[in-house]
Amino acid sequence: MADLTPEQTGARASLAEARWAEFKSFAKRFGRNRLGMIGFSITVLLVVAAALAPWLATHDPYLPSLTARLTPPGAEYWLGSDELGRDIYSRILHGARLTLFIVLLVIVTSAPIGLLVGITAGYFGGWTDRIFMRITDVFLAIPKLLLALAFVAVLGPGIVNAALAITLTAWPPYARLARAETLMIRNSDYVAAIRLAGASPLRIMVRHVAPLCLSSVIVRMTFDMAGIILIAAGLGFIGLGAQPPLPEWGAMIATGRKFIFDQWWVAAMPGLAIFIVCLGFNLLGDALRDLLDPHLRQRP
Amino acid sequence: MGQSRLWRAVRRLADGALTVAITLLGLVALTFFIGRIVPIDPVLTIVGEKAPQAVYDRVFIELGLDKPLYEQFFVYLGEVIRGDLGTSFVTTRPVIVDIGRFFPATFELATLGIVLGIILGVPAGVVAAVNREKWPDHLIRVIGLIGYSVPIFWLSLMALLVFYARLEWVGGPGQLDISYQYSYTRVTGLVLVDTAMSGDFAVFANALSHIILPAILLGYYSMAYISRMTRSLMLEQLNAEYVLTARIKGLREAVVVTRHALRNAAIPLVTVIALSYGMLLEGSVLIETVFAWPGLGNYIASSLLSGDMEAVLGGTLVVGAIFVFLNVASDALYRVLDPRSR
């Protein structure tokens, strides 16, 4: 593999060029989708907020200030302060890190599990398929939030455990998706060619089937992000997710609940953050689906 | 000929029953394993931490924990089939009795929610499909997207703040004001029905003022899904050739949309509605917590916080089973309604 013939290098270069051209046309079409761009901007904003939280924050998110308890939004505390006098704006910024951490942890664990189960089931078929899909259906049959709650009850509260519990409920859709794609690819000529060339099933699945499932999996991921954030926030709200004093948005709403009628901003602000971020992911997902879905691609 | 058709119908029925049975078995297995890996020692919750070893061992054997895991599973399965879901140590009642007490409140709220969701969602989806890519479509799409993106417990808190505390249009958390709590007799467990039967209009009005806000929130939540699905089902129908034929015949557009397209879209819509009804049962966990609604969701959430695992798993099992049956029922209904699959 190390010594490539000039033809091979040339082929690689033109492949890279073609990919770049495709990316450019994709970016151009994406740029025309206004709602998609809004979603993309919100997502970028979330990443920036998480990355630069210590520099963008105006206060220490953990430092209580007894003289400034429950201050309304104003010049000193932009989004108000909570029952311990902590700045809500700074806490939301630091909470963005936790949100991003949970979402990424769930995505990088659940998508590979789903792909593995789905591709194996689709590729081998028969009993493997039946058993794997039956298990998937059982997981799909239980409401996600409820299943996550039961898992968290077992694992104990905490941010990593909440992410694990959500993973256990989030993989089945990916398995279904990957299986459907694999069933279509399995009997194609190019897979037969690779098989005749002596490739092992593992190699075919990892190198030749999985990459083709990726575009639909990525679209699905973008949609799932909003759902993951909402479930994580729900767990935090019930008190089974991130524990105090961590500035997790759902847990912050739970504290704010006690002051909802008089100091509404304590609960309102973190909820607004969740809402904006989820809206961003949903808008982005909508736009990506419109662009990547092969059935819609022909549309002018 | 006739016999083979009957045979096929029987086989399909048997197939369906087998699928349901396997899914339910998987559900029981799942709750069993969740229950087994719980770090709470079931013996210690009974005998307490200071019990002598002999007592501990006796209870250990009485609970059947010395038997192999598969044997324990069959014991558990037998109990579940007999409707024995264990005992809640918080309420000290059998879990199944608790669920029976809390279920009507959830049922009532979710049903009212789905009715509102259908009333709002189906017309919205039709309007969006007819005005595709025009402003009504975009508006309905954005309203739906907001429903998908907003944390429902937060929206509930904000709604309580605005409509209960500030505007005083609706009742607060709970099913009734405390002063009315004992002025009706519980018969069905459905608060609207029971208060209506009590004949006291003031109590009924109070109950209505309490249920309306959570029901509207649940309705909005399901509307987001129903309107989106209605839109895509309607678009599918409106692009069909028979719609073109109807238009060429000179039928009015309203007739084409409602009599032709909507009728055909209504069949798959049944499945959509059944699915979103199941989703409402899930959404009720958070909504019921916020509104202190004495339903199944609230029961499960509060049992979780007190570590009452038998109650949690029993509740999960029941809601999961309802989910499975809703799926099966919608499939069956689809077959009955769609003349092509007869």
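The values are calculated or read from the model by the stated rules, or taken from the named source; none is laboratory data. Because the structure is predicted, anything quoted here is derived from the model rather than measured. Using ideal geometry, Cβ is built from the backbone for each residue, glycine included, and neighbour counts are taken over all protein chains shown.
Of all residues in the range A:236-262, exactly one satisfies the criterion of being in contact with a Gly (Cβ under 8 Å, 6 or more places away or on another chain), free of Cβ contacts under 8 Å to residues at least 40 places away in the same chain and surrounded by fewer than 24 Cβ atoms within 10 Å (Cβ to Cβ), namely A:254.
Set side by side, the residues A:172, A:201 differ, and just one is within 14 Å of another protein chain (Cβ to nearest Cβ) and over 25 Å from residue B:153 (Cα atoms), which is A:172.
How many residues are in contact (Cβ under 8 Å) with a residue 40 or more places away in the chain and either of a type in the set (A, V, I, L, M, F, W, C) or closer than 21 Å to residue B:240 by Cα (or both) if we restrict to the range B:272-286? So the answer is 8. For residue A:173, the test of being surrounded by fewer than 15 Cβ atoms within 10 Å (Cβ to Cβ) and either over 19 Å from the mean Cα position of the chain (by Cα) or not aliphatic (A, V, I, L, M) (or both) is failed.
Go through A:155, A:98, A:164 for me and flag whichever is within 30 Å of residue B:304 (Cα to Cα) and modelled with pLDDT under 85. Before the answer, list the steps.
Details: A:98 fails: modelled with pLDDT under 85; A:164 fails: modelled with pLDDT under 85.
Selected residue: A:155, the only one of A:155, A:98, A:164 that is within 30 Å of residue B:304 (Cα to Cα) and modelled with pLDDT under 85.
Residue check: is residue B:299 of a type in the set (Phe, Trp, Tyr) and closer than 21 Å to residue B:124 by Cα?
Spelling it out, it is not the case that residue B:299 is of a type in the set (Phe, Trp, Tyr) and closer than 21 Å to residue B:124 by Cα.
The residue that is nearest to the other protein chains (Cβ to nearest Cβ), counting only those in the range B:171-208 that are farther than 21 Å from residue B:107 by Cβ and part of a loop (DSSP other than H, G, I, E, B), is B:172. Scan the range A:263-280 for residues that are within 18 Å of residue A:77 (Cα to Cα), surrounded by fewer than 22 Cβ atoms within 10 Å (Cβ to Cβ) and facing chain B (nearest Cβ under 9 Å) and the total you get is 3. Evaluating residue B:307 against the criteria (1) modelled with pLDDT under 90; (2) in a helix (DSSP H, G or I) leaves one unmet condition, (2). Within the span defined as the range B:64-77, one or more residues are surrounded by 19 or more Cβ atoms within 10 Å (Cβ to Cβ), out of contact with any strand residue (DSSP E or B) (no Cβ under 6 Å at 6 or more places or on another chain) and assigned by TED's automatic domain parsing to the domain that holds residue B:31.
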